[in-house]
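Coordinate-derived values only; no laboratory data. Values in this document were obtained by computation on a predicted structure and should not be read as measured data. Reconstructed Cβ throughout: ideal geometry from the backbone, glycine too, with neighbour counts over all protein chains shown.
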2 protein chains.
Amino acid sequence: MQERVTTFGYKLLAQDGDARLGEVSTPRGIVRTPAFMPVGTVGTVKALYFDQVKAAGADIVLANTYHLMLRPGAERVARLGGLHTFMRWDGPILTDSGGFQVMSLSRIREVSEEGVRFQSHIDGSRHMLTPERAVDIQCLLGADIQMQLDQCIELPAEHKEAERAMQLSLRWAERALNAFATRAGPGQALFGIVQGGIDAGLRRRSAEALVGMDFPGYAVGGLAVGEGQELMLTTLEGVLPILPAAKPRYLMGVGSPSDLILSVARGVDMFDCVLPTRNGRHGLAFTWNGKVNLRNACHAEDSAPLDPESTCPAARDYSRAYLHHLIKSGEYLGAMLLSWVNTAFYQELMAAMRSAIAEGRFASWAETTLARLDGEPKD
Amino acid sequence: MQERVTTFGYKLLAQDGDARLGEVSTPRGIVRTPAFMPVGTVGTVKALYFDQVKAAGADIVLANTYHLMLRPGAERVARLGGLHTFMRWDGPILTDSGGFQVMSLSRIREVSEEGVRFQSHIDGSRHMLTPERAVDIQCLLGADIQMQLDQCIELPAEHKEAERAMQLSLRWAERALNAFATRAGPGQALFGIVQGGIDAGLRRRSAEALVGMDFPGYAVGGLAVGEGQELMLTTLEGVLPILPAAKPRYLMGVGSPSDLILSVARGVDMFDCVLPTRNGRHGLAFTWNGKVNLRNACHAEDSAPLDPESTCPAARDYSRAYLHHLIKSGEYLGAMLLSWVNTAFYQELMAAMRSAIAEGRFASWAETTLARLDGEPKD
């Protein structure tokens with residue numbers, strides 16, 4: 001039984017080295033951390049039923065403000081009863097602010113002190129996203145955990161540009177907090193986002209300023225954008241000790257299984273990434289023995305499943321030969337089964353990390369697991 | 001409990017006008033007729049799990065010899081334990097002979113007395129399909145019900161061309177029977193296919209000759225290829241009375257809900273068609289009140305489901321607004337849900353026909369239902 005709560009909160013249940021076992025509580029349910037949030041971009045975790053996402057062990061899913069504001073539109077979702085009702089997911093939902101995808105997907109965009117002006121990649125329509133409007137949209141969607149609007153920059157970046165974007169993001173954080181205070185419902189939470197590229201000084205100043213604003217949770221943004229795993233981890237090591245232990249820490253858009261393990265080892269609590277579903281659609285399966293590329297001809301007559309001991313029917317009951325055939329044939333079921341396999345694997349991975357932390361054996365578990373996953377090519 | 005049988009058979013349970021209620025028995029289970037067979041083209045009913053196909057009420061599915069012989073290959077499927085094991089469907093499977101799709105899909109093909117020589121549409125590889133090879137392939141796949149190789153012609157056709165193709169198909173029928181006698185396993189069945197275009201005389205001669213060969217079941221091929229519903233029904237009316245009442249009759253590649261109702265009224269027992277799944281992928285839903293095009297903007301804020309009384313969760317639990325959004329966004333889940341809706345509707349339709357025949361009220365049921373479905377545009 002999950003405890004009924006009416007406020008947002010975080011409880012640190014155990015610590016093992018820097019790895020943290022905890023619970024984020026929301027009125028819509030508890031999120032066991034470390035947690036991986038499957039990405040339900042436009043209101044669906046691609047090629048999966050939400051029943052499967054839930055059964056795989058996910059407590060929370062993510063949805064993208066940028067996509068939903070353009071289609072079907074935040075006001076429309078609100079008129080239809082909010083995002084939970086619309087997409088039929090009754091657990092907690094985290095939404096991003098839209099900032100990252102405005103930068104990566106939209107046409108012509110213009111950043112000013114006020115916000116970001118851009119054109120939709122779908123129909124060219126013009127939109128303005130401000131810190132206030134981003135909060136507004138996330139409230140219309142009914143997101144349980146919301147993100148401040150921030151400015152993501154591409155790496156590598158000039159120090160000056162990284163500093164300018166970080167400072168702007170801090171001013172937007174303040175405005176987002178003010179907007180949130182007047183508009184949010186009970187139990188909803190807004191997270192601030194640490195920026196600053198890969199500059200340790202900028203990151204520290206960003207983190208300290210945000211901590212001063214007293215957000216209920218903190219995200220680290222602008223990583224896993226090409227800087228490589230080592231620089232990402234170094235940056236995390238600089239930022240995480242500054243963040244208060246009593247608040248959850250979310251590393252945005254990360255990552256591979258090894259990214260997750262090494263980040264949890266440094267004290268991250270929450271993750272999201274399209275990798276499991278996107279790779280699934282492309283024929284790549286995550287397993288406890290590394291990645292398996294089902295496009296490879298070596299699977300064509302292999303009647304073994306991906307993992308006979310998996311709790312996921314897609315990994316346990318279907319032959320590699322059949323999966324190979326489906327992927328080669330471009331069939332829906334191939335994408336459906338492998339997205340399921342990978343979504344379930346990511347949840348198994350998080351559950352294993354939570355157990356290892358609870359039992360005080362995270363370091364040795366991580367070492368063994370990283371070696372086991374080593375079939376995994378770096379990408 | 002289904003009776004365990006080791007031989008193929010057909011039992012006529014009730015007749016209401018010309019509409020027939022029956023059971024096709026195979027070692028892999030009973031097929032309640034009239035039956036609609038979902039199409040599992042390359043070994044998957046597109047965008048569905050076989051569990052959903054089964055739960056929707058399907059007793060039997062169809063798979064395409066042409067597709068499977070090219071990829072993954074019949075010998076490969078046999079080495080993997082046969083098609084039932086490969087695709088995880090333990091009920092009966094009917095396979096076509098490949099003839100129809102050689103004509104519609106392959107590159108360069110050449111019909112001779114021996115068979116059809118063609119090039120794969122996938123990789124240009126060269127293949128020869130003869131009546132014997134078609135049986136061979138279907139035995140390798142392990143199909144419970146197999147089809148003779150026939151020559152389908154495009155309509156409209158010259159009388160001479162239709163006659164030549166019909167006569168060739170009869171000689172191939174004889175060769176298929178001989179091949180089947182030496183290769184098939186216990187309980188497997190081979191159906192002959194009535195051809196002859198829309199010429200009543202040719203159709204009659206084809207049917208009579210096939211009846212003389214004593215097949216365990218008969219198909220009517222070469223219809224629903226553009227001749228229109230009226231000509232299709234007229235042709236059926238000429239052919240069906242010639243076929244023995246003690247054998248099942250299968251109308252290949254048909255059709256819309258009204259096609260099915262009007263054909264059952266004339267004595268057809270089995271159908272297959274890609275319409276429910278293909279239309280589903282394109283955003284068209286079949287319901288008891290006609291077709292619903294979910295691309296239409298009128299659904300954008302409609303929180304009602306497609307059919308609150310459906311036994312199918314996809315029709316009952318998801319709003320039209322969400323389905324509209326998924327289809328407009330090109331999301332997998334849109335195709336998944338609507339293929340499910342339509343597959344379930346087709347099974348509901350067949351179940352309703354079986355009840356109506358059993359209770360001797362088929363004619364009035366058909367009249368009411370056709371009026372109800374009249375929202376359905378002709379296509």
If you take every DSSP beta bridge fully contained in the protein assembly as shown, what fraction is antiparallel? Give it as a percent rounded to 5.
55
Given the options A:Asp51, A:Asp90, A:Asp123, which has the most mean-square fluctuation in a GNM of chain A, springs set between C-alpha atoms less than 10 angstrom apart?
A:Asp123
Whole angstrom only: what separates the Cα centroid of segment B:84-116 from the Cα centroid of segment A:77-141?
49
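Please arrange B:Glu359, B:Glu230 by counting, for each residue, the other beta carbons lying within 10 Å of its beta carbon, fewest first. Could the numbers behind the result be given before it?
Numbers: B:Glu359 12, B:Glu230 9.
The most exposed by this proxy come first: B:Glu230, B:Glu359.
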Computed from the mean reciprocal separation of all distinct C-alpha pairs, what Kirkwood hydrodynamic radius does segment A:216-330 have, in Å?
16.1
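As a test of the formula, what do you get for the protein assembly as shown when each DSSP H run with n ≥ 4 contributes -39,500 (n - 2.57) and the sum is divided by the residue count, at 222 nm and rounded to the nearest 500 deg cm²/dmol?
Working: 30 runs with 314 residues, N = 758.
Computed mean residue ellipticity for the protein assembly as shown: -12500 deg cm²/dmol.
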Give the cross-link partners of B:Lys291 among the lysines, using a straight C-alpha distance below 30 Å as the criterion and excluding same-chain residues fewer than 8 apart.
A:Lys46, B:Lys46, B:Lys54, B:Lys328, B:Lys378
As straight-line cross-link partners of B:Lys247, the qualifying lysines (C-alpha separation under 21 Å, not fewer than 8 residues apart within one chain) are B:Lys11
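Over segment B:153-205, what relative contact order in percent results from Cα pairs under 8 Å that are six or more residues apart?
Details: 30 pairs, mean separation 24.9, N = 53.
Relative contact order for segment B:153-205 comes out at 47 percent.
Please compute the average number of Cβ atoms from other chains found within 10 Å of each residue's Cβ in peptide A:48-60. Working shown, then result.
Values: counts 3, 7, 1, 1, 0, 0, 0, 0, 0, 0, 0, 0, 0.
Per-residue shielding by partner chains comes out at 1.
Take peptides B:249-262, A:235-248 and line them up by average Cβ neighbours within 10 Å, highest first, as a rough protection proxy. Intermediate results must be reported in sequence, preceding the final value.
Values: B:249-262: 22.7, A:235-248: 18.8.
The packing order, highest mean first, is B:249-262, A:235-248.
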Taking each label point as 7 Å beyond Cα in the direction of the beta carbon, state the distances from A:Ser104 to the same residue in the other copies, shortest first, in nm.
4.1
Partners for A:Lys160 among aspartates and glutamates (Cα-Cα distance below 17 Å; same-chain residues under 8 apart left out):
A:Glu113, A:Asp150, A:Asp199
Taking Cα centroids, how far is segment A:255-271 from segment B:15-66 in Å?
48
With a cut-off of 8 Å between alpha carbons and a minimum separation of six or more residues, what is the relative contact order of chain B in percent?
17
Let me see the pair-distance distribution of the protein assembly as shown: every alpha carbon pair, 20 Å bin width, integer percents in order.
16, 42, 28, 14, 1
Other chains' Cβ within 10 Å of B:294-301 residues: what's the mean?
1
Sequence gap at least 6, Cα distance under 8 Å: using those rules, report the relative contact order of segment B:99-153 to the nearest whole percent.
31
When the C-alpha atoms of segment A:124-233 are aligned to their principal axes, what extent does each axis show, in angstrom, from largest down?
39, 38, 23
Hey, what angle do you get for helix A:159-183 against the long axis of chain A, alpha-carbon based, 0 to 90 degrees rounded to 10?
80
Please report, for B:Gly82, the nm distances (one decimal) from its label point, 7 Å out from Cα along the beta-carbon direction, to the equivalent points in the remaining copies, shortest first.
5.3
Return the inverse of the average 1/r over all pairs of distinct C-alpha atoms in segment B:270-379, which is the Kirkwood hydrodynamic radius, in Å to one decimal.
14.3
Separation between the B:Lys11 and B:Val225 pseudo-spin-labels, each 7 Å from Cα along Cα→Cβ, expressed in nm?
3.7
Taking A:Trp340, B:Trp365 and counting other beta carbon atoms within 10 angstrom, the fewest-first order is B:Trp365, A:Trp340
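When A:Ile193, B:Ile327, A:Ile122 are ordered from fewest to most other Cβ atoms inside 10 Å of their Cβ, what list results? Numbers along the way, then the final one.
Working: A:Ile193 29, B:Ile327 25, A:Ile122 13.
Placing the least packed residue first, the sequence is A:Ile122, B:Ile327, A:Ile193.
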For a bin width of 10 Å, list the pair-distance distribution of chain A built from all Cα-Cα distances, rounded to whole %.
5, 24, 34, 26, 10, 1, 0
Using a label point 7 Å beyond Cα on the Cα-Cβ vector, give me the inter-copy distances for B:Arg164 in nanometres, one decimal, shortest first.
7.6
Distance in nm between pseudo-label sites at B:Arg79 and A:Lys54 (7 Å out along the Cβ direction from Cα):
4.3
